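Trainee: Here you go, one structure.
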Amino acid sequence: MTDGAAAALRGLAVEEVLPGLQPAARTLQRRPFPLVDLRRREEEHPPFSGAAAFAADSRFMAQQYAAPVPLKPDPLLRAVDAAMNGGAIWAGGHLVPGSVHHNRFETMRETAPPFDLLRARGKLPRLPGATALIHTPGFRNYFHWMTESLPRLEALAAYRRLGLGPLDRIVISQPAPQPFVMESIARFFPDLLPLVQAMEKPRFDMDQGLFFLDWRGVGQTFTRVKPTTAVFLERIAAEVAAMPRGPGRALLVSRRDVDNRCLVNEDALLEAFAPLGLESVRFTGMKVEEQMRLMAEARLVVGVHGAGLTNAIFCRPGTAMLEITSTQYIRRSRSYADIAMFRGFPYAIAVVDQVGESWVVANNRGNDLEIAPDALPALRRLAETLLDRAATAG
């Protein structure tokens, strides 16, 4: 646990029971990568300024990816007589720092729920034994689930294996989890699957609570890659390496079946990349196991910023990865850049034109994207450069 986390928890009835897993990689090997501007249209739409955004974000990303950074701490904690309410964890009647988004912490602490009244009315049931919570901010999204919440089961598996205490249930804080939630637990943590319970209203007392905290980062950098993430990705990499190797496919992760951040001229991209054999794939309705096996065949992955790029975790070493985004999402691209950095993939970001009037991102919804026809040759050359780097590294 970091000094800051220890200080914030001082005086609370919370103990650290598993300091952290020990992945082979103790740091995230961030390094500089190409951030290429392929925009052809004016983007001055107050209060949004595309020119200023690109310049500021380019400097920011250069600073963030100048050198390796520590993994984000993610120790397993335990509290006796704990409570879960509103997505936050309470121990001894006190809100636990880091158990809820920092923007909500002060408000929630000042408006503490009337626990005694809730109990008297039967609205705060008590869960006997030991209950584990693995949710993270945004965990209903495929990316956050696969890279942050699901990997925490690595720590709970170690907790059981080492005999550190009982584990009676693992609560998923949503009434009807999306299929990928239970599929991924069954695929990667089958021994824990019988303990998983989805709850409609995550408000309850716990005899004993096992949980993690979500601190924003370490120093001046921020990464979502934790030791639990690292152990999980290392295990996946070993599984993929054992799969039969094919000739290698060039895959475009399509967003045609969603209504946000679509690439409006996807067909033009496929035509321009035809010499590379680029084929469009959609993951909607595909089981996690099928997604894993498909991505294990890739030599090149191209896609617009979005949850589908999460499946790069299933790629083999030496896969080239090209993310297409807009000036709205450059900083958010750290999510997928960090997957590429952890796995050692040659990686680049191409910033292209926007289509639409949603110049302020709200609820993670922004404009669609379009690659200018005269920018397509440059984009293909960028992909070819990444493939050459992958071949040289391999």
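What follows is calculated from the coordinates using simple rules that are stated; it is not laboratory data. Remember, it's a predicted structure, so these values are computed and weren't measured experimentally. Ideal geometry is used to build each Cβ from the backbone, glycine not excepted, and the neighbour counts take in all protein chains shown.
Trainee: List every DSSP H helix in the chain whose Cα atoms extend 30 Å or more along the helix's own long axis and whose mean Kyte-Doolittle hydropathy is at least 1.0.
Mentor: None pass (Cα extent of 30 Å or more, hydropathy at least 1.0).
Trainee: So what's segment 1-111 giving for Cα Rg divided by 2.2 N^0.38 Å, two decimals?
Mentor: 1.56
Trainee: Also, I was wondering about something else. Quote the charge dipole size of the chain about the Cα centre in Debye, to the nearest 20; the model charges only the Cβ of Lys and Arg (+1) and of Asp and Glu (-1).
Mentor: About 740 debye.
Trainee: I'm a student and want to see the number: the projected area of the Cα convex hull of segment 68-110, averaged over all directions, in nm².
Mentor: Answer in nm², one decimal: 3.9.
Trainee: Considering only lysines 8 or more places apart in sequence, or on different chains, count the pairs in the chain whose C-alpha atoms sit under 29 Å apart.
Mentor: The number of close lysine pairs in the chain is 5.
Trainee: With only alpha-carbon atoms in the gyration tensor, what are the semi-axes of the equivalent ellipsoid for segment 111-254, in Å, largest first?
Mentor: 32, 18, 16
Trainee: Sticking with this one: Given the chain, what percent of its DSSP beta bridges are antiparallel, to the nearest 5?
Mentor: Among the beta bridges of the chain, antiparallel pairing accounts for roughly 45 percent.
Trainee: Provide, for q = 0.08, 0.09, 0.13 Å⁻¹, the log10 of I(q)/I(0) from a solvent-free Debye sum over equal Cα point scatterers in the chain.
Mentor: -0.45, -0.57, -1.12
Trainee: What is the Cα coordinate range of segment 54-162 on the first, second and third principal axes, sorted by size from largest, in whole angstrom?
Mentor: That gives 57, 39, 24 Å along the principal axes, largest extent first.
Trainee: Restricting to segment 258-394, what percent of DSSP beta bridges are antiparallel, rounded to 5?
Mentor: Roughly 25 percent of the DSSP beta bridges within segment 258-394 come out antiparallel.
Trainee: Over the Cα atoms, compute the radius of gyration (one decimal) and Dmax (the largest Cα-Cα distance, rounded to a whole number) for segment 239-394, in Å.
Mentor: 14.8, 47
Trainee: Based on the alpha-carbon set only, what is the convex hull volume of segment 257-306 divided per residue, in Å³?
Mentor: 86 Å³
Trainee: For a quick check: with amide H placed at 1.01 Å from N, whose amide H comes under 5 Å from LEU76's, ignoring anything fewer than 5 positions away on the same chain?
Mentor: Those lying under 5 Å, H to H, from LEU76 are VAL17, LEU18, GLY20.
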